[in-house]
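Heads up: the structure comes next, in structure tokens.
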Amino acid sequence: MGMSSWFSRLRCSSKCFFNSLALRTSVSRKLVRTQTTTNSESTKNPFLFWSSSLLPIALAVSAGSLALHPQSDPSFCEASSVNSRAEFVVKGSHKEVPRELIDELKAICQDNMTLDYEERYNHGKPQNSFHKAVNIPDVVVFPRSEEQVSKIVKSCDKHKVPIVPYGGATSIEGHTLSPNGGVCIDMSLMNRVKALHVEDMDVVVEPGVGWMELNEYLEPYGLFFPLDPGPGATIGGMCATRCSGSLAVRYGTMRDNVISLKVVLANGDVVKTASRARKSAAGYDLTRLVIGSEGTLGVITEVTLRLQKIPQYSVVAVCNFPSVKDAADVAIATMLSGIQVSRVELLDEVQMRAINIANGKSLPETPTLMFEFIGTEAYSREQTLIVQKIASEHNGSDFVFAEDPETKKELWKMRKEALWSCFAMEPNFEAMISDVCVPLSCLAELISRSKQELDASELTCTVIAHAGDGNFHSLILFDPYNEEHRREAQRLNHFMVHTALSMEVSGTRIGDGGFEDNEKNKSSIRSEQYYESRKAYSFSCLFLSAYSLYTRTCMCAPLYIEGVEVKTCQLAID
């Protein structure tokens, strides 16, 4: 079925979201299915095969050039006193973009580039994040093909100008900042579905395709892509940040749902990380090396995604609790019971109050768990009854469930718009969003300790948790013009980060949204340690890549680690 639909990118300022809903239409994007297959592309392009044969060393050089490049003024995040406003500003150095590069980009992209200040400002200043940078992009380009991306990157490499890939602009953690200026590569025009393989349950797409638009396209085939991050997110950005969402408890994160990638490296070479085969034991897992690399290893130009069958039936259940600990305990008990829920979301009483204000509802303002059960009608209802019993054993009340499609859609819509709901309580404030994750057994303790600290603060703070996989967020609302507010928000954020890291088992401060810029030098992992770890990682890549090239010629050769022989096999590239 050839289906065409027009998309608009949602660009709403958090400060006036509930005062006036302004939709700013960016580049109109048309979802077009072509019959081009990845195999035919690779046979037409011998350059692609040659680039792939040098993939390990190229990846290592790319990583090394990004992590080891000497910086006289590294990009550290700190508060700025500009205009007496307490902002987080990412420092950076800037040099003028050569006119020769501008001419080369014009020849490559024709009219699909801009030097307009407003457009550059919008690409360099995330509208839904308090993070700012001292510079904005000097040029914004809108490539239409992988070939154009490769040429753009080669030109930037030749002139030593930094690049920043740009997806759906839904990041709230500063991913799209351009602290050193340079070229912003907006992937929104690369929005085609290149091939759909219904029998194999996979699809090949370009990075500018939105996950919501993709699911609209897949619905007539009875298939869907199971990850559901923020509305407006695109597949390329989702890969770059290794996103997840509320369905991750059942289907995994982005790393579990990507089969293969095509990537333009820092020198402009195009590589393919794997074939469409569902598994392979040959060589390094390069696909998952790139996923979550946040643009540091290359620009993603094609993604092969694993699809799922649309569930036959689903039930959404909601239950209230006297405390967040009781709610977290039920989430843990539900997972331990063996029930394969597709969603388990926790919202505290403050978040429920925000939802009521924003949506004109009168829902109980108590800690709340939201479940989704899928399968056959009988199986979904059976799961619902089992969880209802578990909830009743942990002080749960008002257990209700919905089977009507519109009611279910409305419930999840309120959950998806949780951030915007918070701004209904404090329209002139901004949100600092924490993101911590611990093993499931530690979730109740972490949330309880964090909640006590949040409730004692003068700031308005909400708690939202992907309770089925140990990940929770806190939305800390603060006045960006108030220095005390900013410091208090920082303190609360640090408290949750350190609480997670200090637990006997290993927690992490980035559950499903990628590295947040201000955390690089504000958490227990200080900025210098972060920079040194990047260097160590790059040296590791260089070592492994050199050794993989060695084993290409030697087939299977022994590797000695601390005097012990370890058998290794030849690296194979699909």
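So which of LYS325/LYS361; LYS361/LYS413; LYS106/LYS151 end up more than 21 Å apart, counting from Cα to Cα? It would help to have the intermediate numbers written out before the result.
On the way: LYS325/LYS361 25 Å; LYS361/LYS413 13 Å; LYS106/LYS151 11 Å.
Violating the 21 Å limit, Cα to Cα: LYS325/LYS361.
Rolling a 1.4 Å probe over the protein heavy atoms leaves GLU365 with an accessible area of roughly 90 Å². Between VAL400 and LYS158, the FRET efficiency from the beta-carbon distance, with R0 = 41 Å, is close to 0.10. In this simple spin-label model, placing a label point 7 Å from the Cα along the Cα-to-Cβ direction at both GLU216 and LEU115 gives a separation of 3.6 nm. Extension gain, SER275 to SER392, is 37.3 nm, computed as 0.36 nm per intervening residue step minus the present C-alpha separation. If you sort ARG306, ARG353 by accessible surface, 1.4 Å probe, largest first, the order is ARG353, ARG306.
For ALA133, the residues whose modelled amide H falls within less than 5 Å of its own, excluding neighbours fewer than 5 places apart on the same chain, are VAL90. The label-point distance for GLU483 and HIS498, in a model that sets each label 7 Å from Cα toward Cβ, rounds to 2.2 nm. Extension gain for LYS361-GLU445 works out to 27.2 nm (0.36 nm per residue, less the C-alpha to C-alpha distance). Between MET190, TRP211, PHE224, the Cα set farthest toward the positive side of the dipole of segment 173-232 (charges on each charged residue's Cβ, about the Cα centre) is that of MET190. As a calculated quantity, the FRET efficiency between ARG381 and VAL198 at R0 = 35 Å, using C-beta atoms, amounts to about 0.70.
Protection proxy ranking, highest mean first, for peptides 181-193, 450-462: 181-193, 450-462, where packing is the per-residue count of other beta-carbon atoms within 10 Å, averaged.
The accessible-area ordering, largest first, of the residues LYS279, LYS106, LYS160 stands as LYS279, LYS160, LYS106, per a 1.4 angstrom probe.
Rolling a 1.4 Å probe over the protein chains gives GLU206 an accessible area of about 10 Å².
Rolling a 1.4 Å probe over the protein chains gives TYR379 an accessible area of about 100 Å². Over all pairs of different C-alpha atoms, segment 271-394 has a mean inverse distance whose reciprocal, the Kirkwood radius, equals 17.9 Å. Spin-label model, ASN428 to ASP285: label points 7 Å out along the Cα-to-beta-carbon direction sit 5.0 nm apart.
For the residue pairs LYS125/LYS416; LYS389/LYS451; LYS309/LYS389; LYS95/LYS158, the C-alpha atoms sit more than 20 angstrom apart in LYS125/LYS416; LYS389/LYS451; LYS309/LYS389. Solvent exposure of segment 215-290, expressed per residue, is 34 Å² of accessible area, with all protein chains present and a 1.4 angstrom probe.
Do any GluC sites (Glu not before Pro) in segment 185-238 lie in a DSSP loop with no more than 13 other beta carbon atoms within 10 Å, and if so, which?
Details: sites: GLU199, GLU213, GLU216; in loops: GLU199.
Passing sites in segment 185-238 are GLU199.
Using the Cβ-Cβ distance between GLU96 and GLU410 with R0 set to 56 Å, the FRET efficiency from 1/(1 + (r/R0)^6) comes to roughly 0.60. Annotation: peptides 402-413, 238-249, ranked by per-residue average of other Cβ atoms within 10 Å with the highest first, follow the order 238-249, 402-413. Each residue of segment 175-190 is assigned a 3J(HN,Hα), and the resulting list reads 5, 9, 5, 10, x, 10, x, x, 10, 9, 9, 7, 8, 5, 7, 8 Hz, derived from the Karplus form 6.51 cos²θ - 1.76 cosθ + 1.60 (θ = phi - 60°), x at Gly and Pro. Taking θ as phi - 60° and the Karplus parameters 6.51, -1.76 and 1.60, the scalar couplings of segment 194-207 work out to 7, 7, 10, 10, 4, 5, 8, 6, 9, 9, 10, 10, 8, x Hz in sequence order, x denoting glycine and proline.
The values are calculated or read from the model by the stated rules, or taken from the named source; none is laboratory data. What you see is a predicted model; the values in this text were computed from it and never measured. Reconstructed Cβ throughout: ideal geometry from the backbone, glycine too, with neighbour counts over all protein chains shown. When the accessible area is computed, the model is the full protein with side chains, heavy atoms only, and any ligands, DNA or RNA have been set aside. Shrake-Rupley method; radii C 1.70, N 1.55, O 1.52, S 1.80 Å.
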